[in-house]
Every structure is written in C-alpha cells, then in structure tokens.
Amino acid sequence: MVRVRFAPSPTGPLHIGGVRTALYNYLFARQNDGKMILRIEDTDQTRFVPGAEQYIIEALDWLGIKFDEGVHIGGPYGPYRQSDRKPMYRQYAEQLIRDGWAYYAFDKPEALEAKRKEYEAQKKTFQYDCNTRLQMENSLSLGMEEAQRRIVAGDPYVVRFQFPDNIDITVHDMIRGDVTMNSRLLDDKVLFKSDGMPTYHLANIVDDHTMEITHVIRGEEWLPSAPLHVMLYKAFGWEETMPRFAHLPLLLKPEGNGKLSKRDGDRLGFPVFPLEWHDPKSGEISSGYREKGYLPEAVVNMLALMGWNPGTEQEIMSMDELIKLFNVEHISKNGAKFNLDKAKWFQHEYFQKLSDEAVADMLEFQLKEHGIEADRAYVVKVAGMMKERITFPSELWETCCYFFQAPTEYNEKDVAKRWTPDMHIHMAKVIEILNTVPFEYDAIHKALLDDYIAANGLNTGKVMNSLRIAVVGRTVGPDMITLVMMLGKDETVRRVERAIEKLKVN
Ligand code: GLU
C-alpha cells in the first residue's frame, strides 16, 4: 500500500514549488491507489506564521489536490501536526543515545560562535562533527555521568546525531539514482532540544516511520539532508521499511539562473503563490493565481509539466489524465524554468473549455458592477462569441462592453485613419440601407458591401471600419454584420447617428 505525505512547515504562504511537490505526491498516490497525507511540520516555533496552515489547506483544496488523512480531516495515524505529537519524540532521542547514535551537548550559543570565529581566523569553517566533537562540551567529552548531573541540574542541552567517522552513505533516489556522501562531510545535526521539541530531522523520520510512509517525494533542497535521514533509519533499526526517496528538481527563475523567488514574481508580474497572501506581520500583500483569475485546472496542468513530461507532445491534461500518465521516470533531473507566456497559454486553453453559461455568469457579474442589467440569453450569446478572445475573466468587460452600451468616445487614431471628411455621407447611406433592407445577415451584407460599397468603387476597409468606429468606438470586435445583427437595427442606427454628430468635421 503506497502512502505518501505532503509535509509543509507553516512558515508563510505556500510557494508554487511546494504546490508542485504536493501535486506530484497526489498524482503518485492516486495512480497507485494509495493514501495521501497532509502533515504539518511546525517544530520550529520561531518561524511559525499564524494563518499559514489554513492557507495551505485552502490553496490545495482550490487546486483539487485532495487528502485521505491529515491535520484538517484526521485519520488513523494522527495527530498530524508535529506540535501535537510533541510528547512522543523524546523516547526516540533517548533510544539513539542509549544505542550510541547520539549524544547530549551543552555548548552555549556564545561558545559555538567563539569556535566559529576561531576557525574563521584560520580561514577554515567550523563544523560540529567527528573531528571536533571531543573539543566541545558534550556527553562524549564530559562523560555520561557528568552529562546526567547537568541535565538533572537543569542545564539546557541538545541531542546531536553522532555520525560514524568516514563511512560512505548512499541515498537511492528514484530520480537521481544513487547519491553517495561521506560522513566526514556531514555535521552532527541537532535532533532534539531540552524544551522537549524535536528538530525537523528527528520529527520527520519518526513521523514517516510511524505513519508508515512508503515514498518521500520532496524538493531537491532536501537532498543534502537525505544521508542523515538514511542514517537515522539505520540507527533506529527501521531500514527494512525505509521509504523510497524522490527529490524533485527546482523551479527556476524565467531566465533560468537560480531558484524562483517571490521577488521574481513581483519583478516580472506573475504570482508565485496559489492564493493571495496578506502577511500578518508586515501587512504586505502578495498576489495569488486565484485572485489573478487563473483557473485551478490551468495552474495544475502548468505545474505538472514543470519538471515532468508524459513522454509525448501532449500538453493539455486534466487531473484524471495526469493521474493516469504520471510516472517518476519522466521527472527531469534539471531545474524547470518558469515561463509566464506558457502559464498564460494554459490559462487561455482552459478558459476556452468553460461553457458559455459559465463565462456568462462571470460577465453578468461584471455587468452588474457597471450597473447594467441584460437579458440572460443575450449575455450567453455574447459570452460564447467573445470567449476565444479572453484569457482572464477580468478582460471580459473591456472586451464585451460595446454589446451592452454605446461608445462614449472614439479612438482618435482609428478616427484619423478611417473617418475621412466624406464619411458622414457614407454613414447616412448605411442608416438608409439598414432602414430599408430586410434585417437579415445576407440582405444587409449584399446591400452594404456589394450594392453600395463595391458598386460605387469605395474602399471597403475605410467604410466598414468607420461603421465599426461608430458602433464600437474603435476598430476591434467580431464580424461587423454579425455585430449589427446582435445589436439590432434601432441601436445600430442610433450609434451611427451619434457618431455622425460627434465626428462632424467643422
Ligand atoms: N517540512 C519540510 C518542508 O517544509 C518537509 C520536507 C520533507 O518533505 O521531508 O519542506
């Protein structure tokens, strides 16, 4: 039974890189009929941000990334928030000490800082490890008896992992293959503090083990920690059930150099967060995909392809298709560049999949904001006609307004280019034609384009675009006769009369 977890720390809004990690876990779980778990890793209380946990839940829910167990829905392996699991970690720290895999350390922050300075002065970097640990104040250098005496006396301490000297540790990564690191390069990481809180490393391994996690799929930034994690499984005697690891490639800046950051989003004008985030401390607002009008399906599709491909040219994939097609073998080892044009392309594609009714709902909402009540069937018709020109719902009003109100001004450039001094004569003729021929597409088309424009050797572009200026306000919009049919004879005539009046050359 596959069991995977998404294990964010509630230190702020969830970055889209984190969303992609959650998505890949979800696809993998669903594909294997497994379970998807949401665990909140909040052991570092100094970085806790109120509202972040709720944000994470809301964002993933909006995107359709669902969980089988988790902090918000419970489950048989709970609690799913590490601070609620606090009492269970101490025994594991003590087990490691008992078995010679960890030790108590009493070094004060000032003492550690002094050591760092001492090394710096010699152009070296201090690392708390097999070479230096005996110079420090810990149960290895002081002896266990002294260590126990200090603990009983209430001295603050931490528990550090004790890496064996000079062994090669291999992480079998599903994406990268074997990654080997020598223990001499690794520092004796803090696992537990005397306030009873474990650090990320201890809590993460204990929880993955006790929650029976089978696969750890997470960002590449955790690869350097993986050798320690592998050693912890060994130290606890849990090697048999150690999960398999997959470290996902980074999401890179659009230029390709470096990790995608919030600042890149601000700089280039795209969100790096799924939902808008109001920072409780600074009051700063960061934009979100949802509020920008992106459809969740578009965001999911775009993120799925940032670091993975189905092995074919197919780009548009629904969540169900992604679940079918996803495979770890096709996850790339290299970072994936964020591409704003591509994000917009996905959004446009998904917008086209919306029903005319759904687009009409959005349009109606914007019409109301402008004080316009319109016939539902008419709104649906406009929505269906204009959808292909729209990428974001916010463009609806701007793109469709002339279906609902006459232009109040005329684009100067268009007027200068098309509305020649004789144009009032031609527009008066257009009115005459509209008032006399049957109000049908073909009849109007023939009367206007053949019997008047062509028969009199007039410039079609000039006349038809002037009519467009009169009706729309500028030279944009759908097929002109279709537009006239939509607006009706009376409204079209009124608009043309008004343009003749307003654009009169004195
Ligand atoms: N709490 C870690 C994070 O915020 C989880 C890393 C992991 O999945 O092991 O990314």
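FYI, it's all coordinate maths here, none of it is from the lab. Keep in mind it's a predicted model, so treat the numbers as computed, not measured. Reconstructed Cβ throughout: ideal geometry from the backbone, glycine too, with neighbour counts over all protein chains shown.
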### Task
Return the lysines within reach of K35: Cα separation strictly under 29 angstrom, same-chain partners fewer than 8 residues apart disregarded; answer none if there are no such residues.
K66, K86, K234, K324, K333
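Calculate how many DSSP beta bridges within region 219-346 are antiparallel, expressed in % of all such bridges and rounded to the nearest 5.
Looking only at bridges with both residues in region 219-346, the antiparallel portion is about 50 percent.
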### Message
Please compute the contact order of the chain in relative form: average sequence separation of alpha-carbon pairs under 8 Å and at least six residues apart, divided by the residue count, as a percent.
### Response
12
### Query
Summing Lys, Arg as +1 and Asp, Glu as -1, what charge do residues with Cβ under 14 Å from the Cβ of A360 carry, A360 excluded?
-2
### Query
Of all DSSP beta bridges in the chain, what percent run antiparallel (nearest 5)?
55
### Query
Y378 to H172: FRET efficiency via 1/(1 + (r/R0)^6), r the Cβ-Cβ distance, R0 56 Å, to the nearest 0.05?
0.35
### Summary
Per residue convex hull volume, Cα only, region 181-273, in Å³ is 156
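Could you tell me the relative contact order of region 310-430? Use alpha-carbon pairs under 8 Å, at least six residues apart, and round to a whole percent.
22
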#### Entry: Karplus 3J(HN,Hα) series, Hz, for region 172-188 with 6.51 cos²θ - 1.76 cosθ + 1.60 (x for Gly, Pro)
8, 9, 5, 9, 9, x, 7, 10, 10, 9, 8, 4, 5, 7, 9, 9, 6
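Using 0.36 nm per residue, how much length does the chain from K123 to K368 gain when fully extended, once their Cα-Cα distance is taken away? If you can, show how the numbers build up before the last one.
On the way: separation 245, 0.36 × 245 = 88.20 nm, distance 6.86 nm.
Here the segment from K123 to K368 would lengthen by 81.3 nm.
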## Note on the structure
In degrees rounded to 10, the 0-90 angle between helix 356-369 Cα long axis and the longest Cα principal axis of the chain is 80
### Query
Using +1 on the beta carbon of Lys and Arg, -1 on that of Asp and Glu, and nothing else charged, what's the dipole of the chain about the Cα centre, debye to 20?
880
### For region 102-196, Kirkwood radius (reciprocal of mean inverse C-alpha pair distance, Å)
14.8
### Within region 425-453: backbone nitrogen closer than 16 Å to the L503 label point (7 Å, Cα to C-beta)
425-432
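Within a 10 angstrom radius of the beta carbon, how do L228, L363, L295 rank from fewest other beta carbons to most?
L295, L228, L363
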### Query
What net charge do the residues around V171 carry, taking every other residue with its C-beta under 15 Å from that of V171, with Lys and Arg at +1 and Asp and Glu at -1?
-2
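Before anything else, pin down the relative contact order of region 44-137: Cα pairs under 8 Å, at least 6 apart, normalised by residue count, whole percent.
13
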### Task
Consider a paramagnetic label point 7 Å from the Cα of K259 along Cα→Cβ; state which residues of region 189-224 have an amide N under 14 Å from it.
218-224
### Task
Evaluate the distance, in nm, between pseudo-label points positioned 7 Å from the Cα of D187 and of M88 along their respective Cα→Cβ axes.
3.0
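For the chain, what does -39500 (n - 2.57) per DSSP helix run (n ≥ 4), summed and divided by total residues, give at 222 nm, in deg cm²/dmol to the nearest 500? Present the calculation step by step, with values, prior to reporting the outcome.
Values: 22 runs with 217 residues, N = 506.
Roughly -12500 deg cm²/dmol at 222 nm, from the helical runs in the chain.
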### Query
How far is it, in nm, from the label point at D165 to the one at T312 when both lie 7 Å from their Cα along the line to the Cβ?
5.8
### Fewest-first ranking of S194, S225, using other Cβ atoms within 10 Å as the exposure measure
S194, S225
### Query
Which is farthest toward the positive dipole end of the chain among H215, N25, M144, measuring Cα position about the Cα centre, with Cβ charges +1 (Lys, Arg) and -1 (Asp, Glu)?
M144
### Message
Per residue, how big is the convex hull of the chain when only Cα atoms are used? Give it in Å³.
### Response
211
### Message
Quick check for me: using +1 on Lys/Arg Cβ and -1 on Asp/Glu Cβ, what's the dipole size of region 185-338 about its Cα centre, in debye to the nearest 20?
### Response
380
#### Entry: Summed side-chain charge close to N465 - residues other than N465 whose Cβ falls under 11 Å, Lys, Arg +1, Asp, Glu -1
+4
